[in-house]
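Novice: This is the structure I want to talk about, given as structure tokens.
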Amino acid sequence: MPVLPGAEPYRHEGGEVGVLLCHGFTGSPQSLRPWAEHHAAHGLTVSVPLLPGHGTRWEDMQVTGWQDWYAEVDRELRLMSERCSRVFVGGLSMGGALALRLAARHGERVTGVVVVNPANRVHGLSAYVLPVARHLVRTTRGIASDIARGGSAELGYDRVPLHAAHSLRVFLRRLDGELPQVTQPLLLLRSAQDHVVPAADPARVLSRVSSLDVTEIVLEQSYHVATLDHDADRIFEESLAFMGRLAPSVGKEGTAAVG
């Protein structure tokens, strides 16, 4: 199936510092493109891959699982590490969870981690019925576009495939056991009001990682997709400052053409 207009992966060849951004469950690189372009304009090498099964139609996602999604970002990290001296990983929601697993498994290859409203578990009754319900019901309602800002929309599926949701549940449970392996500096930004990921998830991440350099920022004016919301500029500026503190060459390689 062709990729939906706007959901294409994003890549920019910049300087020696790279950042890999991971989009969320049922979403696409569109939700992170402004963030990616901001960092590209400051000279960074940037990649926002399109996760398998995303950005086309929900039926394509139904036959994918967390191993497919993680393999894609793992491959991108390895490629970026070949040409960049320092690499940061980041993401939104499930993308934040993927970034945390990259940090847990790749150690010194990852310089720092930036996550926005990271998911940690599937909550409520659905978590318990998914193993059976996925064989009886194909989808449930979508979770895209939880945004406070009027006129802003996330390009994501309007249905959630239950086979994929079950796989996400399995992945998040696995990741929770791996979070103590995250030792890199961590910047976590969370929305005060989030209708997709409850505050318990970012709190759990902060309580489980082994990072000693941790910064938490509360986004007061945004909902879940904060990268497209009122606090987007703050996310971009805070993450760039975080990277600049750990990699002083950030922002000193000149303004790059974005494309």
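The values are calculated or read from the model by the stated rules, or taken from the named source; none is laboratory data. If you're wondering where the values come from, they're calculated on a predicted model, not measured in any experiment. In this analysis, Cβ positions are derived from the backbone assuming ideal geometry, glycine residues included, and neighbour counts consider all displayed protein chains. For accessibility, only protein heavy atoms count, side chains too; no ligands or nucleic acids. Shrake-Rupley method; radii C 1.70, N 1.55, O 1.52, S 1.80 Å.
Novice: Write out the GluC sites (Glu not before Pro) in region 138-240 meeting two conditions: DSSP loop, and at most 14 other Cβ atoms within 10 Å of their Cβ. Write out the running numbers ahead of the final one.
Specialist: Details: sites: Glu154, Glu178, Glu216, Glu220, Glu237, Glu238; in loops: Glu154, Glu220.
Filter output for region 138-240: Glu220.
Novice: Using alpha-carbon positions, what is the distance between the centroids of region 147-180 and region 1-21, in Å?
Specialist: 20 Å
Novice: Oh, and also: Taking amide H positions as placed in the peptide plane 1.01 Å from N, state which residues far from Val214 in sequence (5 or more) or on other chains have amide H under 5 Å from it.
Specialist: HN-HN under 5 Å from Val214: Leu186.
Novice: Further question on the same structure: Can you figure out the FRET efficiency of Ala192 with Glu13, using R₀ = 41 Å and their beta-carbon distance, to the nearest 0.05? Please report the intermediate quantities before stating the final value.
Specialist: Details: r = 37 Å, r/R0 = 0.89.
With a Förster radius of 41 Å, E is 0.65.
Novice: Still on this structure, I have one more. Relative to the longest principal Cα axis of the chain, at what angle does helix 66-83 sit, 0 to 90 degrees, rounded to 10?
Specialist: Value to nearest ten degrees: 10.
Novice: Between helix 232-246 and the chain, what is the angle of the helix's C-alpha long axis to the longest principal axis, kept within 0 to 90° and rounded to the nearest 10?
Specialist: Result, in degrees: 50.
Novice: Where both residues lie in the chain, what percent of DSSP beta bridges are antiparallel, nearest 5? All intermediate terms of the calculation are to be shown ahead of the outcome.
Specialist: Values: 6 of 30 bridges.
Taking every DSSP beta bridge with both residues in the chain, the antiparallel ones total about 20 percent.
Novice: Picking from Ala247, Phe171, Trp35, whose Cα lies most toward the positive end of the charge dipole for the chain (charges on Cβ: Lys, Arg +1; Asp, Glu -1)?
Specialist: Checking the options against the dipole of the chain, the answer is Phe171.
Novice: Sticking with this one: Among the chymotrypsin sites (Phe, Trp or Tyr not before Pro) within region 1-86, which fall in a DSSP loop and have no more than 12 other Cβ atoms within 10 Å of their own Cβ? The partial results should precede the final answer.
Specialist: Details: sites: Tyr10, Phe25, Trp35, Trp58, Trp66, Trp69, Tyr70; in loops: Phe25.
Loop-located and lightly packed - none at all.
Novice: Next up: With a cap of 15 neighbouring Cβ atoms within 10 Å, and only residues DSSP puts in a loop, list the chymotrypsin sites (Phe, Trp or Tyr not before Pro) found in region 175-250. Working shown, then result.
Specialist: Values: sites: Tyr223, Phe236, Phe242; in loops: Tyr223.
For chymotrypsin sites (Phe, Trp or Tyr not before Pro) across region 175-250 that sit outside H, G, I, E and B with at most 15 neighbouring Cβ atoms in 10 Å, the list is empty.
Novice: Angle, helix 94-106 long axis vs. longest principal axis of the chain, Cα atoms, 0 to 90°, nearest 10?
Specialist: In the chain, helix 94-106 runs at an angle near 60 degrees to the longest axis.
Novice: Once every Cα of the chain carries one equal point scatterer and solvent is ignored, give the base-10 log of I(q)/I(0) from the Debye formula at q = 0.13 Å⁻¹, two decimals.
Specialist: The computed values of log10 I(q)/I(0) come out as -0.75.
Novice: For Leu4, list long-range residues whose amide hydrogen, built 1.01 Å from N in the peptide plane, is under 5 Å from its own amide hydrogen.
Specialist: It is Thr56, by chain and number.
Novice: Report the relative contact order of the chain, percent, no decimals, based on alpha-carbon pairs under 8 angstrom and at least 6 residues apart. If you can, show how the numbers build up before the last one.
Specialist: Working: 596 pairs, mean separation 59.7, N = 259.
Relative contact order here is 23 percent.
Novice: For Leu246 and Val137 in one chain, what is 0.36 nm times their gap in residues minus the Cα-Cα distance, to one decimal in nm?
Specialist: Working: separation 109, 0.36 × 109 = 39.24 nm, distance 4.71 nm.
Computed gain between Leu246 and Val137 is 34.5 nm.
Novice: Compute, for the chain, the length of the dipole vector about the Cα centre, with Cβ point charges of +1 (Lys, Arg) and -1 (Asp, Glu) only. Units Debye, rounded to 20. Can you show the working numbers first?
Specialist: Numbers: 25 positive and 28 negative charges, 149 e Å.
In debye, rounded to 20, the chain gives about 720.
Novice: Another question, then. Quick one: how many Å² of His54 are accessible to a 1.4 Å probe, rounded to 10?
Specialist: Taking all protein chains as shown, His54 has close to 0 Å².
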